[in-house]
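Please read the structure below before turning to the comments.
Where a number appears in this text, it was derived from the coordinates with a stated rule and is not lab data. Here the structure is a predicted model, which is why all the values come from computation and not from measurement. Positions of Cβ are generated from backbone atoms using ideal geometry, with glycine treated the same way; all protein chains shown enter the neighbour counts.
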Amino acid sequence: HEISKPKLTFPVAAPNDVVPMAATRRQMCLVRRGGETVCFPTDAWKSADKNAETSNRGVTAPPAVTAKALEGLAGVRQIAGAYERFCATFNDGRAACWSDTANAKDAKPEVVTITGVTHATQVGIGMTHGCALEQDGKVKCWGLNVNGALGVEDYPPDEHTAVVVTAVSHAEQIAVGD
């Protein structure tokens, strides 16, 4: 018997309209070519996979998973996800982050703009911090400076204010981990 996988459906867009994507433990978010961010819960995949595995005799088909557009996230250029949050760069150069708890009932997440990031081209996040690559090759990081994760000795004034990582210049790409 063949185990069928859940089907992902996109509101108004075909799957080839999707550019970047990122996932956390609870959600996967996709950015459509126009900058709209759509997300769906990853637990729907898990429960669908479990249903498919336990009913591989073809008794129960897994449910369809529908991606929901998130309000307040227009103009997203690039997205990163880790643990329980997402961060993104926007067409206007800013970087912002939000919790992955926005779901079908609450499609408007609380988006927090990162102070000090104005020309971001790329963003990466870890469990307690994030970094943005600026157009000029500078890297700016924010969050908790656990074990020097921000690349600086001092802590920033708050967790949503970026500091320049002075040891890095002319960067072309970033990746963040813990």
Amide H neighbours of MET28 under 5 Å, at least 5 residues apart or on other chains, H built in the peptide plane: list them.
PHE40, THR42
Put a dot 7 Å past each Cα toward the Cβ at GLN135 and ARG33; how far apart are the dots in nm?
2.4
For peptides 162-171, 109-118, 128-137, sequence by mean Cβ density within 10 Å, most packed first:
128-137, 109-118, 162-171
Over the Cα atoms of segment 70-131, what Rg and Dmax result, in angstrom?
11.0, 33
Which order do the peptides 81-88, 31-38 take when ranked by the mean count of other beta-carbon atoms within 10 Å per residue, highest first?
81-88, 31-38
